[in-house]
Amino acid sequence: MVSGYRLSRKKITVDRPVAVIGAGAWGTTLSLILSRKGCLVRLWEYFPDYALRLAESRENLKFLPGVRIPENVMISADIEKTVADCREIVLVVPSQKLRDVARRLAGTGVQPRCVITASKGIEKGSLARMSEVVRQEFGPGPEVCVLSGPSHAEEVSRGMPCSLVAASENKETAQAVQELFSTDNLRVYISPDIVGVELGGALKNVIALAVGMVDGLGLGDNSKAALMTRGLVEIGRLGKSLGANSETFAGLSGLGDLIATCASQHSRNRRVGEEVGRGRRLDEILKDMEMVAEGVETARSAKQLGERMKVEMPITAQINRILFEEIPPLEAVRDLMRRPRKAELEPGWLSEVK
């Protein structure tokens, strides 16, 4: 259980450019938010050709068409140039690439006061959360803050209202990130529960795959409601075993992000699940996608993490069977429905309370 914030070590004030590492839809959107607040932003794009195209066109046609990138966002494929003199670094790269990028950043000699992770996933192999990867690569120097919650870039970039959570062990760091990203259209809350906020953001993508499969199979709203509800139970069960605060999963980075990802047409993970439900092969679906569906690799990592912690995760287990063993989705549905009967809530019955 998270007991609260630890004592602050340093205060963050933005007095230099802010580096945003990753020019996908969400990285571009976070750059827009900061630039609209008057920050000088440096946005890093992996591919030099596309970085040049972004800088010239001032529009991310591949990931965020129709939204202009302001002139105070400097775009570059030179990672050293991007982070030079920056004290705040925002990491918005695919979760399975985050370690490589963090290692490159640490190798530049940059000494940020804070590294803000906005990537959602669990690292393949190590089963590390994104903040753990950052800490392993950067060491104890910078503060680490997680920025997560229900946030489709297609909506946030156009000024539609949104709420997020900034999670850090250091309360002043969380508050500084809260101040950095808060606008009239973006409300940011703070939390000391890094574990819960990260797991909620990562594991909801796995449940979104399942909900998409229900859509692809045409099984209706009742099935989707059951999957979302029991999926949240799985997320909370694993989170509790890893020391998260169970209340976190009823908040923005838990239930909130789960609803947004499972219900939206913007959701890549829900869309992948829907295509699988319609009978397409996973490799064919992923080959046709520009963006990364984080839930695919996270599903595998979540299953392994559950096994390590001896936590029952039946939905996650069946998603793995569908994705990686190619069993028919309807077979997985039948297996879930035929599981041994049990009580919904534990440890007791309401009627026993006198």
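Full extension of the chain segment joining residue 242 with residue 326 gains 27.2 nm, where the gain is 0.36 nm per residue of separation less the Cα-Cα distance. Our note on the geometry: Cα centres of the range 92-151 and the range 41-78, 22 Å apart. Across the range 6-117, Cα-Cα pairs farther apart than 22 Å form 27% of the total. What you get for the chain, charging only the Cβ of Lys and Arg (+1) and of Asp and Glu (-1), is a dipole of about 520 debye around the Cα centre. Against the chain, whose longest principal axis comes from its Cα atoms, helix 98-107 is set at around 30 degrees. In plain terms, the bigger the Kirkwood radius, the slower the diffusion; for the range 132-282, with that radius from Cα pairs, at 10 °C and 1.306 mPa s, Stokes-Einstein puts D at 98 µm²/s.
If you take all C-alpha pairs in the range 196-337, what percent of them are over 20 Å apart? Every Cα pair in the range 196-337 considered, those over 20 Å come to 39 percent. Comparing Cα centroids, the range 293-314 and the range 183-212 end up 16 angstrom apart.
Using the C-alpha atoms of the chain, what convex hull volume per residue, in cubic angstrom, is computed?
In the chain, the Cα hull volume divided by residue count equals 143 Å³.
In plain terms, the C-alpha convex hull of the range 18-192 casts an average shadow of 9.1 nm² when viewed from every direction.
If we count every other residue with Cβ under 9 angstrom of residue 88's Cβ, Lys/Arg +1 and Asp/Glu -1, where does the sum land?
Working: positive: 16, 87, 113; negative: none.
Here the count lands on +3.
Normalising the average separation of contacting C-alpha pairs (under 8 angstrom, six or more residues apart) by the number of residues puts the relative contact order of the range 196-337 at 34 percent. Using the Cβ-Cβ distance between residue 233 and residue 100 with R0 = 45 Å, the FRET efficiency computed as 1/(1 + (r/R0)^6) comes to roughly 0.85.
Only one residue of 130, 216, 108 has its Cα farthest out toward the positive end of the dipole of the chain, where Lys and Arg carry +1 and Asp and Glu -1 on Cβ, and that residue is 130. Taking Cβ atoms as reference points and 10 Å as the exclusive limit, the residues near residue 212 contribute a net charge of +2, counting Lys and Arg as +1 and Asp and Glu as -1.
Once the other residues with Cβ under 12 Å from the Cβ of residue 259 are scored (Lys, Arg +1; Asp, Glu -1), what is the net sum?
+2
Report the gain in length on full extension from residue 55 to residue 68: 0.36 nm times residue separation, minus Cα-Cα distance, nm rounded to one decimal. Show your work: numbers first, answer last.
Values: separation 13, 0.36 × 13 = 4.68 nm, distance 1.09 nm.
Gain in length upon complete extension: 3.6 nm.
Laboratory data are not the source of any read-out in this text; all were calculated from the coordinates shown. Just so we're clear, the structure is a prediction, and the values are computed from it rather than from any experiment. Cβ sites come from the backbone with ideal geometry, for glycine too, and all protein chains shown count toward neighbours.
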